Amino acid sequence: MTDGPAPDLASLVARLRVAGCVYAEEEAALLSEAANGLASLDVLAGRRLAGEPLEQVVGWVAFAGLRLAVAPDVFVPRRRTELLVREAARWAQPGAVVLDMCCGSGAVAAALEAAVPGLDVWATDVDPAAQACARRNLPPPARVLGGDLFAALPPALRGQVDLLVASPPYVPTAALPLMPREARLHEPRAALDGGHDGLAVHRRLLAEAVDWLAPGGHVVLECGEDQTAELTRQFSTYGLGAHGVHDALTGGSVVVGTGEGPSAGFL
């Protein structure tokens with residue numbers, strides 16, 4: 001916050017508590033840091049009190065040790081998705097072609113770049129707002145493309161992908177009304193709605209993935225814990241040996257699959 005009259009943080013904390021913000025003190029401090037004066041703080045606080053996610057209000061999210069840009073109407077990366085990064089990093093090495101599909105803000109690809117320097121990173125998303133945000137987090141030489149799944153990719157990349165990662169939407173359609181209000185109202189439905197059982201996009205992705213993988217390439221997909229067994233079966237349907245991984249601390253779950261041929265990754 002710029003120089004000027006000190007904000008009444010105690011009053012802001014009280015208002016945030018009334019609005020249901022569990023970590024009201026921390027949120028008040030972050031809002032004050034992001035504000036450019038008292039008028040700006042009032043605007044930011046109003047947005048938060050109206051239910052907008054804190055990360056969209058302040059413009060950034062802490063993810064996998066990084067501070068990454070997020071924007072209004074863009075899905076906010078969750079801590080549980082850090083498991084996706086950790087598992088994917090096990091199969092990456094400098095020079096590997098990495099594809100972050102349904103990339104949203106580009107958080108997963110950015111975290112992988114930080115964990116394994118020298119990757120050849122590609123990211124795709126169908127939503128223009130997400131693409132713009134991902135370009136802020138993934139400057140060149142990373143490439144952020146717009147389009148529906150593999151339709152966004154140049155044909156020359158077919159058969160060249162060493163590591164495909166994705167956190168597709170996996171909330172079953174019937175469960176959307178049960179999600180927190182800030183997610184339902186301020187994040188794009190397309191980033192949440194995974195169809196009748198939550199795995200509709202996963203199936204579409206896996207149906208084409210083997211054609212884009214390099215020999216021995218890997219696919220790592222996030223899902224719900226109760227979806228792991230079914231998603232592992234879906235991997236097998238397309239000839240990918242697979243296993244599930246769960247993080248009890250964050251609630252994150254992923255399925256890791258390996259294509260045929262010699263692997264380019266490492267353990």
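For Glu222, state whether it is modelled with pLDDT of 95 or more, outside any helix (DSSP H, G or I), charged (D, E, K, R) and in contact with a strand residue (DSSP E or B) (Cβ under 9 Å, 6 or more places away or on another chain).
Taking the combined requirement at face value, the residue satisfies it.
List every residue pair whose Cβ atoms sit under 9 Å apart, with the two residues 6 or more apart in sequence or on different chains, where the first one lies in the range 76-98 and is in contact (Cβ under 8 Å) with a residue 12 or more places away in the chain and under 21 Å from Val61 (Cα atoms) and the second, anywhere, is open to solvent by 40 Å² or more (accessible area, probe 1.4 Å) and among the charged types (D, E, K, R).
If the second residue must be open to solvent by 40 Å² or more (accessible area, probe 1.4 Å) and among the charged types (D, E, K, R), the pairs left are Val76/Glu55; Val76/Glu182; Pro77/Glu55.
Could you tell me which of the residues Arg80, Arg48 is open to solvent by 50 Å² or more (accessible area, probe 1.4 Å) and either in contact with a His (Cβ under 6 Å, 6 or more places away or on another chain) or among the charged types (D, E, K, R) (or both)? Let's see the steps before the verdict.
Numbers: Arg48 fails: open to solvent by 50 Å² or more (accessible area, probe 1.4 Å).
Among Arg80, Arg48, only Arg80 is open to solvent by 50 Å² or more (accessible area, probe 1.4 Å) and either in contact with a His (Cβ under 6 Å, 6 or more places away or on another chain) or among the charged types (D, E, K, R) (or both).
Exposed (fewer than 15 other Cβ atoms within 10 Å of the Cβ), in the same structural domain as Leu153 (by the TED database) and free of Cβ contacts under 8 Å to residues at least 40 places away in the same chain, is that true of Leu249?
So Leu249 fits the description; yes.
The values are calculated or read from the model by the stated rules, or taken from the named source; none is laboratory data. Quick caveat, the model's predicted, so the values are computed rather than measured. Every residue, glycine as well, gets a Cβ built from its backbone with ideal geometry; the counts of neighbours run over all protein chains shown. Note: areas computed on protein heavy atoms with side chains; ligands, DNA, RNA excluded. Shrake-Rupley method; radii C 1.70, N 1.55, O 1.52, S 1.80 Å.
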